[in-house]
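The values are calculated or read from the model by the stated rules, or taken from the named source; none is laboratory data. Nothing here was measured: the structure is a model prediction, and the numbers come from that model. Cβ coordinates were reconstructed from backbone atoms using ideal geometry, including for glycine residues, and neighbour counts include every protein chain displayed.
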């Protein structure tokens, strides 16, 4: 963690932590009048799946945010605002997920899925714009060029892939969601190259 | 980040992060009974605009808070309380915005806009009092004099400009809001001089 | 900030930041049907006063927590749990305040004031037990003896004074609240001696 | 706190802090119409006990998380995700507790207690998997071997003991809860060996 980016990272950690924790407020306890408790809990499965899904998605984006900032050594005004744009997407995530959970069995399913997948188009673009700015303005550490290239390649496919998800929502909702989940798994996987600076520092410590 | 101000900054980051993230709790998912989902979402546009507006405003104030504390090297008792006064304004922000969103099409619009603009008068004064204290008591780093003067000049126009906003709310609500948004854009722009201490440290690192 | 206490302080900052920010969720926006907006806002004054009061109280306790941990250099198991006890009091604070606001004009006022003042008896004892443990187990920095004595003296009067508040709630509620506010102002004031270690470090920096 | 694990710890602190503070939102203020206030408060005792219980449980888990990361010097991709799995359990904790509080006097008590105890089976397994990964991949500091062995032994009994709790929920709910509380007390106690690295660093500081 560079001293210049320390507060950007601390503020981002706060936003990620709150976004990921607030989700549980939407998970309602079935009232005693709801009949047999096990059956009542089973009926709520879409809420629980939605909860686990957003937790996983926000978690994966936090890991990616962490990976990016491990490479960033300097901070400028634009980086702060591009990071805010990214955090806007993060705080919004619970809304399209709740929308999709509420409308999954109704005629509104297509629109809800489009809003859901559209949010990830926005997030993929935000990640890329932030990273492009960092690379172009030389805010990276000197030792991380190879690893940064690997990140650039991985991220470049994001906006297009999520646009495919978005288009698919109008054709086949379950397929669009399956692709979205597949992309999340792709971004959860570690990049091939490890940040050299980090490893070297650890080795000499 | 100076070790003396570390906890003030960490606590402030927490408050900013929560204030900016809690907003999404006010954004309601339209129930399935609300008719065509796209139309139902479109009807809620004032809520979404209000959400984006407060997110942008709190984000800009966080960037300014970050800029100020980049210059501050020492902490005293008064700085902690002036910072709390500023954070009071930050935590309050969602309230006047919700008030304005709820009363924008009613006769209460003038009062709601006055409360909204008045909050920013309070915030502009808080920023100035904090900064005035920092400059007067020598809590700045030694290398940042020029950059500090630039901040002083930028901030000095704040309270008066927001007072004009406040007065305008009684005459023309949309105009007062347009000026308020214009001022937010002004404070989002980077100051001309970069904090020298920061740059030097980065250069020698 | 010592590296041993860093996480205790970061966690505490998080709890303080959330406790102080969640308060705004209780401040309701008057609906457009509530008549003239200015009159509707004026009717809600006890809510606004309660909000400002808890904000000030939690803010003052954060400043005191910060002052204590400025002196603490080492961390042990008991310190973590005594700090959790203190944070329990902090997270609870919104409840007795809401209770008092809701019952101030009803026969339940005495009980509500007793619960309110009783919470501060608990908090005053928590602060003292934590500080007593720190002094007794030598978790302080070596240079802070004089300043630590000053804190010990200031804190020693807390539990007894708040017990007087608690007793007064059964006799005269407004008087008990006035004394409580007076004590908050007392603990907001800076201690006479400045932590030497801090000042010396700043001077040599 | 190692620089590699700094953000993992900061993010975790945020999640723990929010989880432990959000609980108070569930504690309702009795309305003035509820009759004598003291009686109304007394009737709500299960809510207050549930609040104190989760606060203590989350607090103890935070202390254990802190103890673990005091030993961890390096971070890898898997550690970030195992930590997220652990945090998933932490954010979930308020749900089974509210479920148990709502169904304790109904026929759903057995199922609620099973869900409650099952959550701790999940948490115990998460703690063990994270720690097993840390030990196996050599992410520990070099001086902490003995202390790490002590932690490994303490944690190894967790999953089995909580499985006994889970099984007991189908036979005797109060007994299963008593054992669960007993286990929490066991994990609150400090481990016998102090992390050597920490102590040595403090001594030489």
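Against the definition (within 14 Å of chain A (Cβ to nearest Cβ) and under 18 Å from residue A:55 (Cα atoms)), how does residue D:6 come out, yes or no? No: the conditions fail for residue D:6.
Condition (residue is under 17 Å from the mean Cα position of the chain (by Cα), more than 14 Å from chain C (Cβ to nearest Cβ) and part of a helix (DSSP H, G or I)) applied to the stretch B:138-151: is it met by at least one residue? Yes; the residues of the stretch B:138-151 include at least one that is under 17 Å from the mean Cα position of the chain (by Cα), more than 14 Å from chain C (Cβ to nearest Cβ) and part of a helix (DSSP H, G or I). Hey, can you tell me all the residues within the stretch C:72-85 that are crowded, with 23+ Cβ neighbours inside 10 Å and part of a helix (DSSP H, G or I)? Selection gives C:83, C:84. Would you be able to say whether some residue in the stretch B:42-57 is out of contact with any helix residue (DSSP H, G or I) (no Cβ under 9 Å at 6 or more places or on another chain), farther than 20 Å from residue C:22 by Cβ and outside any helix (DSSP H, G or I)? Within the stretch B:42-57, one or more residues are out of contact with any helix residue (DSSP H, G or I) (no Cβ under 9 Å at 6 or more places or on another chain), farther than 20 Å from residue C:22 by Cβ and outside any helix (DSSP H, G or I).
One residue stands out among those in the stretch B:47-60 that are within 8 Å of the chain's Cα centre (by Cα) and closer than 15 Å to residue A:12 by Cα: the one that is surrounded by the fewest Cβ atoms within 10 Å (Cβ to Cβ), which is B:60. Which one is modelled with the highest pLDDT, of the residues in the stretch C:170-191 that are closer than 15 Å to residue C:64 by Cβ and outside any helix (DSSP H, G or I)? The extreme case among them is C:189. The set of residues in the stretch A:29-41 that are within 7 Å of chain D (Cβ to nearest Cβ) and either assigned to a helix (DSSP H, G or I) or modelled with pLDDT of 85 or more (or both) comprises A:32, A:37, A:38. Scanning the stretch D:143-163 for residues that are in contact with a helix residue (DSSP H, G or I) (Cβ under 8 Å, 6 or more places away or on another chain) and surrounded by fewer than 15 Cβ atoms within 10 Å (Cβ to Cβ) gives D:146, D:152, D:156.
Name the single residue that is farthest from the chain's Cα centre (by Cα) among those in the stretch A:9-28 being within 7 Å of chain D (Cβ to nearest Cβ) and within 17 Å of residue A:69 (Cβ to Cβ). The qualifying residue farthest from the chain's Cα centre (by Cα) is A:10. Residues that are farther than 12 Å from residue A:93 by Cβ, out of contact with any strand residue (DSSP E or B) (no Cβ under 8 Å at 6 or more places or on another chain) and free of Cβ contacts under 8 Å to residues at least 60 places away in the same chain occur at least once in the stretch A:62-73. Take the conditions over 22 Å from residue A:27 (Cα atoms) and out of contact with any strand residue (DSSP E or B) (no Cβ under 7 Å at 6 or more places or on another chain) and apply them to residue A:95. Does it pass? For residue A:95, the condition - over 22 Å from residue A:27 (Cα atoms) and out of contact with any strand residue (DSSP E or B) (no Cβ under 7 Å at 6 or more places or on another chain) - is not met. If we keep just the residues of the stretch D:94-105 that are surrounded by fewer than 22 Cβ atoms within 10 Å (Cβ to Cβ) and more than 7 Å from every other protein chain (Cβ to nearest Cβ), which is nearest to the chain's Cα centre (by Cα)? Among those that are surrounded by fewer than 22 Cβ atoms within 10 Å (Cβ to Cβ) and more than 7 Å from every other protein chain (Cβ to nearest Cβ), it is D:96.
When A:115, A:129, A:134 are checked against the criterion of being part of a helix (DSSP H, G or I) and in contact with a strand residue (DSSP E or B) (Cβ under 9 Å, 6 or more places away or on another chain), a single residue qualifies: A:134.
A quick yes/no check of all residues on (1) more than 21 Å from residue C:179 (Cα to Cα); (2) away from chain D (no Cβ under 14 Å):
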position: C:44; (1), (2): yes, yes
position: C:56; (1), (2): no, yes
position: C:63; (1), (2): no, yes
position: C:66; (1), (2): yes, yes
position: C:69; (1), (2): yes, yes
position: C:77; (1), (2): yes, no
position: C:86; (1), (2): yes, no
position: C:90; (1), (2): no, no
position: C:107; (1), (2): yes, no
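Is it the case, given these coordinates, that residue B:131 is more than 8 Å from every other protein chain (Cβ to nearest Cβ) and on the phi < 0 side of the Ramachandran plot? Spelling it out, residue B:131 is indeed more than 8 Å from every other protein chain (Cβ to nearest Cβ) and on the phi < 0 side of the Ramachandran plot.
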